[in-house]
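Working notes, beginning with the structure itself.
The values are calculated or read from the model by the stated rules, or taken from the named source; none is laboratory data. Since the structure is predicted, the reported quantities are computational estimates derived from the model, not experimental observations. Heads up, the Cβs are rebuilt from the backbone with ideal geometry, glycines too, and the neighbour counts pull from every protein chain shown. What goes into the accessible areas is simple: the full protein's heavy atoms, side chains included, and nothing from ligands, DNA or RNA. Shrake-Rupley method; radii C 1.70, N 1.55, O 1.52, S 1.80 Å.
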Amino acid sequence: MNERITEVSAAIRAFVEADIAELAGDRRTSELLDASIEANVGTVLNALRYSLPVAGVHAPPAAVEYARRLAQQEVPAAALIRAYRLGQRRLTELIFVELHALDIPAADRITAVERITTILFEFIDRITEQVVAIYDDERSRWLENQNSIRAVRVREVLGGRKSIDVDAVTETIRYPLRWHHLALVLWYPDSATDDDAIPRLRRWVRELAEAVGVAANPLILAADQFSAWAWLPYRAEPGDPVTEIRRFVAGRQGVPDIAIGTLGAGLDGFRRSHRSAQRARAVALARGLPTATVVAAGDPGLATAALVGTDLAETRDWVCEILGDLADDNENDARLRDTLRVFLRAGSSYKAAAAEVDLHFNSVKYRVGRAVARRGRPIGADRLDVELALLACHWYGSAVLRPPR
């Protein structure tokens, strides 16, 4: 059989390819498969012929290169392992054919079968272990490299400082930039996470994407050790994905904090959605919202609050100037601020405000009066300033309030 290695290898290849569709590849991959099988067959037959020790056998270079090639082409490791098992089976059958053709005593034939079967298994097992380890290393390296390339391209797109070939970048990052997008920023508090944060966020985004019915795989990019950026792709503008996300999150354990951007279409929409998600996150972090919170850029007043709160120290001074004692950080003033905010948003209608906050008409009227008294001056010419200050208090809380005295 050593003199017919090419013939034996061709028979094994035909047997393996007939069973494993994933091994069908381009010309270069096919050439490597040929070389890998022939090198493995030669190694095993030499080991059998010369009684080589198992410990001294190493996967041939062609087999190593083939394993790396499969890793780069995202062929599952299971397909590589099964190829070796099927190859072992077919080689065993061919060896048995040769044994049956030999004119030797039956007892010797049985002894030969037992010994060859044992040695063949040990060698194939060792070579398989080596090529799978090489596959795993190459897969990790390849994915890390691909993720790095994707990260660079995505940041170039977000930067908008250079001309972008949308179709070329779409192919590189494997994400449909011409579709509709909903950007997310996700993070775990530093003190409540570990080195597994990014893999956990990736798994979580994939589960979320499947639950809300996206039309393709989401784009996920590590922002730092504890946070990630993501985009959910839709072929057409979806109905209410923010509500669907909140519904998915409700009641789940281990949910990260999530900031959701506004829907956008095409390249500009991809950028705008991400920027709005970043602003929503900035508001959430400044407020110190509890964990497992979903905040959306489309929530009423949040986008305005994000602009007002660009410099929180200045915002705090301005809020205290506009609201006076009503800007004190205590529960009583918080109730008065919320009632006044709803009252002004309802067009100064006590009835409409009472329905929204679920209070009696007279209770709303009393609280509004108390809020104006706490402010120290009537609401007239500076009504817009008052509404903006109340909005900032609503979203930022203690970050823009006067500390308790």
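Taken as a whole, the condition of being in contact (Cβ under 8 Å) with a residue 40 or more places away in the chain and in a loop (DSSP other than H, G, I, E, B) does not apply to Leu182. Could you tell me whether any residue of the range 63-70 is of a type outside the set (Asp, Glu), outside any helix (DSSP H, G or I) and more than 25 Å from the chain's Cα centre (by Cα)? No, because not a single residue in the range 63-70 is of a type outside the set (Asp, Glu), outside any helix (DSSP H, G or I) and more than 25 Å from the chain's Cα centre (by Cα).
Table: residues versus (1) free of Cβ contacts under 8 Å to residues at least 12 places away in the same chain; (2) in contact with a Cys (Cβ under 6 Å, 6 or more places away or on another chain); (3) closer than 20 Å to Leu312 by Cα.
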residue	(1), (2), (3)
Leu344	no, no, no
Lys351	yes, no, no
Ala354	yes, no, no
Gly369	yes, no, no
Arg377	no, no, no
Val386	no, no, yes
Ala389	no, no, yes
Trp395	no, no, yes
Ala399	no, no, yes
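Taking Leu307 as the residue in question, decide whether it is closer than 30 Å to Leu201 by Cα, within 41 Å of the chain's Cα centre (by Cα), among the aliphatic types (A, V, I, L, M) and surrounded by 14 or more Cβ atoms within 10 Å (Cβ to Cβ). Judged against the criteria, Leu307 is not a match. For Ala18, state whether it is touching a Lys or Arg at 6+ places or on another chain (Cβ under 7 Å) and under 15 Å from Glu93 (Cβ atoms). No. Where helices (runs of 4 or more DSSP H) fall wholly inside the range 195-303, the ranges with 1 or more residues that are farther than 27 Å from Ile149 by Cα, open to solvent by less than 70 Å² (accessible area, probe 1.4 Å) and among the polar types (S, T, N, Q) are 241-249. If we keep just the residues of the range 47-62 that are open to solvent by less than 60 Å² (accessible area, probe 1.4 Å) and assigned to a helix (DSSP H, G or I), which is farthest from Arg89 (Cα to Cα)? Result: Gly56.
For Gln73, the criteria (1) free of Cβ contacts under 8 Å to residues at least 40 places away in the same chain; (2) loosely packed, with under 15 Cβ neighbours inside 10 Å; (3) among the polar types (S, T, N, Q) hold in every case but one, which is (1).
Within the range 82-105, the set of residues being among the β-branched types (Val, Ile, Thr) and open to solvent by 20 Å² or more (accessible area, probe 1.4 Å) comprises Thr92, Val97, Ile104. Only a single criterion out of (1) open to solvent by less than 70 Å² (accessible area, probe 1.4 Å); (2) part of a helix (DSSP H, G or I); (3) closer than 27 Å to Ala265 by Cβ is not satisfied by Ile164, namely (2). Taken together, the criteria exclude Tyr50 from residues that are aromatic (Phe, Trp, Tyr), at negative phi and touching a residue at least 12 places away in the same chain (Cβ under 8 Å). Taken together, the residues in the range 134-161 that are in contact with a strand residue (DSSP E or B) (Cβ under 6 Å, 6 or more places away or on another chain) and either at pLDDT 85 or above or surrounded by fewer than 14 Cβ atoms within 10 Å (Cβ to Cβ) (or both) amount to 1.
In the range 245-272, the residues that are of a type in the set (Phe, Trp, Tyr) form Cβ pairs under 6 Å with partners that are open to solvent by 50 Å² or more (accessible area, probe 1.4 Å) and at pLDDT below 95, at six or more places apart or across chains, as follows: Phe248/Ala211. Filter the range 11-33 for residues that are of a type outside the set (Gly, Ala, Ser) and over 37 Å from the mean Cα position of the chain (by Cα); which is least open to solvent (accessible area, probe 1.4 Å)? Filtering first and then ranking leaves Ile12.
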